[in-house]
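First comes the structure, then the notes that go with it.
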Amino acid sequence: MLRTLNRVLLALAGLVLIALGGSVLAVGYGVNPPHWWVHQSEHDVLLTAGERTRWREEGWWWPVVIAALAVLLLLALWWLAAGLRRRHLSALPLDTGGGDSANLRGSALEAALAAHSERLDGVERARVRLRGRPGSPVAHLHLTLAPDAAPLLVQHHAVTRTLKAAKEATGQENMRAEVRMNGVPHGAERVQ
């Protein structure tokens, strides 16, 4: 959901900037703009001298401008940090007993879960991603089903076999799974 919202907002911002920049560039090259457009010729400026100095004498103007720009900067930095944050779980702590501990690479567990899932009846391909926190991991299983697969049975086996094996191997009893399934595209069969 958040990824979709991020992409939509970026696309809208990009379209607005391209439209504004392209229209200003077109006016600069001599295209006649509509009468309501901000720039009417290539010699127009973005802000006239009167517009630039209009609020200079007001005491509230510059603090408001600086505060608004600071808020915009903080929002942009927050957005950037949210986009760069790793949502992929890179390692899981394992309790080896006796007070010792070890880490299991997330990619190794993902590969093992994918291989285990591909051995299930009706599964053509499997892709697994680990997300969440080390104390409460979530395995996202993306299964591509064979044309003759029974989706409910595949889901049941993915949870009772694959997830159970992962919980036993890692000791993470609170590991959850999200299973997404889609079918292999295949041509229509002919009825004779």
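General observations
- Residue 62-residue 31 FRET efficiency (beta carbon distance; Förster radius 45 Å; 0.05 resolution): 0.80
- A cut-off of 5 Å between modelled amide H atoms, ignoring neighbours fewer than 5 places along the same chain, links residue 146 with 123, 124.
- Highest average packing first - 150-157, 93-100, Cβ atoms within 10 Å: 150-157, 93-100
- Beta bridges assigned by DSSP with both partners in the chain are antiparallel in approximately 70 percent of cases.
- Cα gyration tensor category, rounded, prolate or oblate, for segment 53-116 with a/c compared to 1.5: prolate
- CD proxy at 222 nm, helix term only [per DSSP H run n ≥ 4: -39500 (n - 2.57); per residue of the chain; nearest 500]: -14000 deg cm²/dmol
- Helical segments meeting 30 Å axial Cα length and Kyte-Doolittle 0.0 threshold in the chain (DSSP H): 2-28, 61-84
- Overall form of segment 1-93 per C-alpha gyration tensor (a/c, 1.5; a/b vs b/c): oblate
- Taking amide H atoms as placed 1.01 Å from N in the peptide plane, the amide H of residue 94 lies under 5 Å from those of 102, 103, 104, each 5 or more residues away in sequence or on another chain.
- Answer label, with volume of the Cα convex hull per residue in Å³ calculated from the coordinates and candidates (i) 167; (ii) 135; (iii) 253: (iii)
Any read-out appearing in this document is the output of simple, stated calculations on the displayed coordinates, not a laboratory observation. Computed from a prediction, not measured in an experiment: that's the story for all the values here. Because the Cβ atoms are built from the backbone with ideal geometry, glycine has one as well, and the counts that use them run over all protein chains shown.
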